[in-house]
Amino acid sequence: MANAHKLDCESVSDTCRFIIQSENEEEAVELAMRHMKETHGTELTEEELLNDHMQVV
Ligand SMILES: [Zn+2]
């Protein structure tokens, strides 16, 4: 079974319960990037997201 890429926004923010999980890394990163920008006003690079905010589960 393929690994899934996951962003659990609860680990970043106390108030946000947003969770993204996808086996498609590109899709997960794109959704995470959009969420961080639109909801949190934070623009992160793909690398920052993958290294600092996302997990492989
Ligand atoms: Zn969030």
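On the given criteria, is Thr15 within 14 Å of the ligand (Cβ to nearest atom), free of Cβ contacts under 8 Å to residues at least 60 places away in the same chain, in a helix (DSSP H, G or I) and among the hydroxyl-bearing types (Ser, Thr, Tyr)? Against the criterion (within 14 Å of the ligand (Cβ to nearest atom), free of Cβ contacts under 8 Å to residues at least 60 places away in the same chain, in a helix (DSSP H, G or I) and among the hydroxyl-bearing types (Ser, Thr, Tyr)), Thr15 does not qualify. Scanning region 24-57 for residues that are surrounded by 12 or more Cβ atoms within 10 Å (Cβ to Cβ) and part of a loop (DSSP other than H, G, I, E, B) yields Asn24, Thr42, Leu44. Taken over region 9-57, the criterion of being touching a Lys or Arg at 6+ places or on another chain (Cβ under 9 Å) and charged (D, E, K, R) is satisfied by Glu10, Glu43. Within region 43-54, can one find any residue that is of a type in the set (A, V, I, L, M), in contact (Cβ under 8 Å) with a residue 12 or more places away in the chain and near the ligand (Cβ under 10 Å from one of its atoms)? No; the residues of region 43-54 include none that is of a type in the set (A, V, I, L, M), in contact (Cβ under 8 Å) with a residue 12 or more places away in the chain and near the ligand (Cβ under 10 Å from one of its atoms).
Rule-based calculations on the coordinates, nothing more; no lab input. Not measured: the values here are computed from a predicted model. Methodologically, a virtual Cβ is constructed for each residue, glycine included, from the backbone with ideal geometry; neighbour enumeration extends over all protein chains shown.
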